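K.L.:
One structure is given below, represented as structure tokens, and several questions about it will come after.
The values are calculated or read from the model by the stated rules, or taken from the named source; none is laboratory data. The structure presented is a predicted model; accordingly, all values stated were derived computationally and were not measured. Ideal geometry is used to build each Cβ from the backbone, glycine not excepted, and the neighbour counts take in all protein chains shown. Surface areas here come from the heavy atoms of the whole protein model, side chains and all, with no ligands, DNA or RNA. Shrake-Rupley method; radii C 1.70, N 1.55, O 1.52, S 1.80 Å.
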Amino acid sequence: MAKRDILIIPDKRLRLKSDPVKTVDKSVRALVDDMFETMYAAPGIGLAAIQIGVAQRVVTMDLAKKDEPPEPLVFINPEVVWSSDEKSIYDEGCLSIPEYYEEVARPKAVKVKFLDLDGKPQEIEADGLLATCLQHEIDHTNGVLFIDHISKLKRDMVMKKFKKAAKRGEYPAFEKDEEPSHHIG
Ligand code: GNR
Ligand code: NI
């Protein structure tokens, strides 16, 4: 088990479309272990593998409250197969966009098919926070971030702030942005 660095925007890897897992083998279980360690340490309620730089369609989640026992959930190759017309609004955050929160409207309920850790096909119907989080994580597997669902004005402001922070080296896990900075400080 190892805690991994979480990629922060504008890291381009966050825009990759992840590959489906072909076989749920030991290497996938090792990845899931690292993802839980990273997610619990952050702390976050969900994590997609691409957030630690692995472009595979693997998601971990734990929606248990602090005073409740852990409820680790794993979704491999998750896919929305039905979503409600009714929308719900949730104040979302993302470990790859630290300390930024904004309201996002998404389908209130979804049906998601996925593989479990035994490689067995499963399907769940979710609403509430589970539905929101599943959609947020499935977006990550497709290179989509929650700021893609807010206004362009807000998204541009967030991107600008994080590009500037990256140039200043404010986040240790930051990858260098394209242009070199012309000055120090
Ligand atoms: O920890 C997280 N909290 C959260 C809150 C509202 C909606 C979605 C999330 S997921 C986020 C962790 C994360 O970035 N997962 O990709
Ligand atoms: Ni996220």
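K.L.:
Taking Lys3 as the anchor, which aspartates and glutamates have their alpha carbon closer than 14 Å to its alpha carbon, excluding any fewer than eight residues away along the same chain?
P.N.:
Filter leaves Asp33, Asp34, Glu37.
K.L.:
At a 1.4 Å probe radius, carbon and sulfur cover how many percent of the accessible area of the range 1-160?
P.N.:
Carbon and sulfur together cover 53 percent of it.
K.L.:
Project the alpha carbons of the chain onto their principal axes and report the range along each, largest first, in whole Å.
P.N.:
Principal extents (largest minus smallest coordinate, Cα): 54, 40, 35 Å.
K.L.:
To the nearest 20 debye, what is the magnitude of the charge dipole of the range 1-103 about its Cα centre, counting +1 on the Cβ of each Lys and Arg and -1 on the Cβ of each Asp and Glu?
P.N.:
It comes to approximately 620 debye.
K.L.:
Considering only DSSP beta bridges where both residues belong to the chain, give the percentage that are antiparallel (nearest 5).
P.N.:
Roughly 95 percent of the beta bridges in the chain run antiparallel, per DSSP.
K.L.:
Run the quick spin-label model on Tyr101 and Glu125: label points 7 Å from Cα toward the beta carbon, then report their separation in nm to one decimal.
P.N.:
Taking the two extended label points, one gets 3.1 nm.
K.L.:
Another question, then. Identify the residues of the range 39-53 with backbone N under 19 Å of a label point that sits 7 angstrom from the Cα of Met1 along the Cα-to-Cβ direction, or state none.
P.N.:
Backbone N within reach: 39-49, 52.
K.L.:
Which trypsin sites (Lys or Arg not before Pro) does the range 27-93 hold that lie in a coil by DSSP with at most 11 other beta carbons within 10 Å?
P.N.:
Loop-located and lightly packed - Lys65, Lys66.
K.L.:
Quick one: what do you get for the range 59-153 if you divide its Cα Rg by 2.2 N^0.38 Å?
P.N.:
After normalising by residue count via 2.2 N^0.38 Å, the value is 1.10.
K.L.:
Moving on to the next point. Compute the distance in nm between two label points, each set 7 Å from the Cα along the Cα-to-Cβ direction, one at Asp85 and one at Asp25.
P.N.:
The two pseudo-label positions are separated by 4.7 nm.
K.L.:
Whole percent per 5 Å bin, from 0 to the bin with the longest distance: what is P(r) over all C-alpha pairs of the range 14-78?
P.N.:
4, 18, 30, 24, 14, 7, 3, 0
K.L.:
In addition: Just how large is the dipole of the chain about the Cα centre, in debye to the nearest 20, putting +1 at every Lys and Arg Cβ and -1 at every Asp and Glu Cβ?
P.N.:
The calculation lands at about 700 debye.
K.L.:
Hey, which of these cross-link pairs are over 24 Å Cα-Cα: Lys26/Lys113; Lys12/Lys120; Lys87/Lys111; Lys12/Lys161; Lys87/Lys152?
P.N.:
Lys12/Lys120
K.L.:
Still on this structure, please answer the following. For every helix of n ≥ 4 consecutive DSSP H residues, a contribution of -39,500 (n - 2.57) applies; sum these over the chain, divide by its total residues, and give [θ] at 222 nm rounded to the nearest 500 deg cm²/dmol.
P.N.:
-8000 deg cm²/dmol
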